[in-house]
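This report refers to the structure that appears directly beneath it.
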Amino acid sequence: MTTIAEKPQLISSRKDAQFEVTLYKNVGVEGAHTLETYLEGGGYKAAKKALTTMTPEAVVDEVKRSGLRGRGGAGFPTGLKWSFMPKPDGRQRFIVCNADESEPGSFKDRYLMEDDPHQLLEGMVIAGYAIGATKGVLYVRGEYYKSYERLREALAEATAGGYLGKGLFGSEFDFEIILHRGAGAYICGEETSLMNSFEGLRANPRLKPPFPAQAGVYGLPTTINNVESFASAVHIIAKGADWYASMGTDDSKGTKLYQVSGPAAKPGVYELPMGATFRELIFELAGGPTEPIKALIPGGSSTPMLAFNDETLDTPMDYGSIAKKGSMLGTGGVILIPQEKCIVNATWNLVRFYAHESCGKCTPCREGISGWMTKMYQKLVSGRGEAGDVELIEIMSRNIKGKAFCPLADACLGPVQSSLALFRDEYEHLAEHGTPKYTKTNWWSA
Ligand SMILES: Cc1cc2nc3c(=O)[nH]c(=O)nc-3n(C[C@H](O)[C@H](O)[C@H](O)COP(=O)(O)O)c2cc1C
């Protein structure tokens, strides 16, 4: 299995005048998780500024102007999402934090929660105020026990200190946060499944529309964002939209937490301005690969693999540039795939993950991914492949694509289709000879 550094390697060695480490400035700092230290570093000043000097509309507008796009994977503009909430009509409304972080290759939110939980709570206060929600739900991945403990402590401290509760900062705004541990499934990170899970239901995705702004938690107006999105909002309010938008590229603003896993000298989490290149991340910050690499996954395991070459390495890590190369920025979780590793085995490892995590609600995912696709990969990697198997995988993947109820099945097809496009010879070699072209079993073995 993938090994990542016990503590993330920090952070950017960038020296640009424009750029400073922002989201991760407290990560790795002894004691930074406490309220006392957070306040010493200017903590909760942004929330105070929002609640006492800005209208909710002005907060939404500031976040819109900043260009922040959701960091949970899809990159939807955050301010625009906040503006989708219906006008207040007396009903309870919710702000939800998606802290389920389960996509292989993604491990940025974890350290934000472990080492700087108040930053997240402050972001939720700001977002709650902006959308008029007096209740927040913080849904944290079940396996992230340390994150849960740190958040629980932080919630108690913030409540005792008056940063959560009634009449915050002397305003009329009340806000409380409900901390909820996840149910141990990747599908719980899909926003509507998360809401079902929070309500105590089976974590199946819901039909959209209605979208969460219309009918979210308990059928009430809800906005959901990722941990890093909330953390970013704190700094946007503190330093202004113009400051935030001065970093990044045309379609991707601000700073981003990139993650590197696989055979790199210093795997870990690195904060960089949007649009830094893969080369800078992998070679300058993560110390370069420790063995020859043939492909990289740019943004968590669901994003299509890219060949590891100069063209890819010089690609800016922003939404538009990676999309032009046929993949996605996703969560910014970069996974390196060694040259000597059989690509079919590596992909099988991911197919197994998605098959296991399929909730079983819809047929294309249940029968397609968990059934047929799984059996075809099993057949190939166990040396029982035969002529036509590779074509069959290809046809199946085309037939499943876009047909499932939620994006989980397509997420599995990211590595399947891209590995086929890039390394078809390895698939055919395995089907023909029964043995893989590359036999290395290492950190990423099936
Ligand atoms: C199968 C699946 C798993 C997901 N897991 C997560 C997750 O763990 N964390 C997350 O923030 N978003 C996850 N998402 C995306 C969420 O559905 C949602 O788009 C996101 O929380 C919105 O926040 P953002 O706009 O701040 O990115 C997942 C989506 C799918 C389809």
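Structure values in brief
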{"quantity": "Amide H within-cut-off set for ALA264, under 5 Å, with H built and near neighbours excluded", "calculated": "THR290"}
{"quantity": "Region 276-291 and region 355-390: distance between their alpha carbon centers, rounded to Å", "calculated": "34"}
{"quantity": "Pairwise FRET efficiency - ALA323 versus ALA58, Cβ, R0 = 22 Å, nearest 0.05", "calculated": "0.10"}
{"quantity": "Karplus-derived HN-Hα couplings along region 411-425 (A = 6.51, B = -1.76, C = 1.60, θ = phi - 60°), whole Hz, x at Gly and Pro", "calculated": "4, 5, 6, x, x, 4, 5, 6, 5, 5, 5, 8, 10, 4, 4"}
{"quantity": "Aspartates and glutamates with Cα under 17 Å of LYS341, excluding same-chain neighbours fewer than 8 positions away", "calculated": "GLU291, ASP425, GLU426, GLU428"}
{"quantity": "Crossing angle, helix 117-131 versus the chain [Cα axis fit, 0-90 degrees, rounded to tens]", "calculated": "70"}
{"quantity": "Distance from region 132-193 to region 223-273 (C-alpha centre basis), Å", "calculated": "21"}
{"quantity": "Karplus-derived 3J(HN,Hα), 6.51/-1.76/1.60, for each residue of region 298-308, Hz, glycine and proline x", "calculated": "x, x, x, 4, 7, 8, x, 5, 10, 5, 8"}
{"quantity": "Spin-label model distance (nm) - ARG202 vs THR37, 7 Å beyond Cα toward Cβ", "calculated": "4.4"}
{"quantity": "Contour excess over end-to-end distance, with Cα ends at GLU391 and TYR218 and 0.36 nm allotted per residue", "calculated": "57.8 nm"}
{"quantity": "Length gained when the stretch LEU80-TRP243 is fully extended (0.36 nm per residue, less Cα-Cα span)", "calculated": "56.8 nm"}
{"quantity": "Cα long-axis angle, helix 343-357 against the chain (0 to 90 degrees, to the nearest 10)", "calculated": "50"}
{"quantity": "Of LEU380, LEU201, LEU68, the one that fluctuates the most in a GNM where the chain has Cα springs shorter than 10 Å", "calculated": "LEU201"}
{"quantity": "Global geometry of region 44-84, whether rounded, prolate or oblate, following the gyration tensor of its Cα atoms and the 1.5 cut on a/c", "calculated": "prolate"}
{"quantity": "Extension gain, GLU153 back to SER171 (0.36 nm per residue minus Cα-Cα distance, nm)", "calculated": "4.0 nm"}
{"quantity": "Formal net charge of residues neighbouring PHE169 (Cβ-Cβ distance under 12 Å; K, R +1; D, E -1)", "calculated": "+1"}
{"quantity": "For q = 0.05, 0.06, 0.13 Å⁻¹, Debye-computed log10 I/I(0) when each Cα of the chain counts as one equal scatterer", "calculated": "-0.17, -0.25, -1.14"}
{"quantity": "Packing rank of 301-309, 155-163, where each peptide gets the mean count of other beta carbons within 10 Å, highest leading", "calculated": "301-309, 155-163"}
{"quantity": "Normalised contact order of the chain, rounded percent, pairs of Cα under 8 Å and 6 or more residues apart", "calculated": "17"}
{"quantity": "Cβ crowding within 10 Å averaged over residues, with 350-363, 31-44 ranked highest first", "calculated": "350-363, 31-44"}
{"quantity": "Residues GLU432 and LYS146, FRET efficiency given R0 of 60 Å [Cβ-Cβ distance, rounded to 0.05]", "calculated": "0.80"}
{"quantity": "Estimated vicinal HN-Hα couplings, Hz - region 204-217 in sequence order (Karplus 6.51, -1.76, 1.60; Gly, Pro = x)", "calculated": "9, x, 9, 5, 10, x, x, 7, x, 4, 8, 9, x, 4"}
{"quantity": "Long-range HN-HN contacts of VAL137 with modeled amide H, under 5 Å", "calculated": "ILE95, VAL96, CYS97, ILE178"}
{"quantity": "Most mobile listed residue (GLY299, GLY326, GLY90) in the chain, GNM with C-alpha springs under 10 Å", "calculated": "GLY90"}
{"quantity": "Cβ-Cβ FRET estimate between ASN309 and ALA265, R0 fixed at 22 Å, reported to 0.05", "calculated": "0.65"}
{"quantity": "Residues with amide H under 5 Å from that of GLY330, placed H, sequence gap 5 or more", "calculated": "none"}
{"quantity": "Computed [θ] at 222 nm, helices only, for the chain once each DSSP H run of length n ≥ 4 contributes -39500 (n - 2.57)", "calculated": "-11000 deg cm²/dmol"}
{"quantity": "Cα gyration tensor category, rounded, prolate or oblate, for region 343-433 with a/c compared to 1.5", "calculated": "prolate"}
{"quantity": "Lysines with Cα under 17 Å of LYS48, excluding same-chain neighbours fewer than 8 positions away", "calculated": "LYS166, LYS239"}
{"quantity": "Candidates THR223, THR22, THR53: whichever shows maximal mean-square fluctuation once the chain is modelled as a Gaussian network with Cα springs under 10 Å", "calculated": "THR53"}
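Since every read-out is calculated from the coordinates, none of them should be taken as a lab result. On a predicted model such as this, the values are computed, not experimentally measured, just so you know. We place every Cβ from the backbone using ideal geometry, glycine too, and count neighbours over all the protein chains shown.
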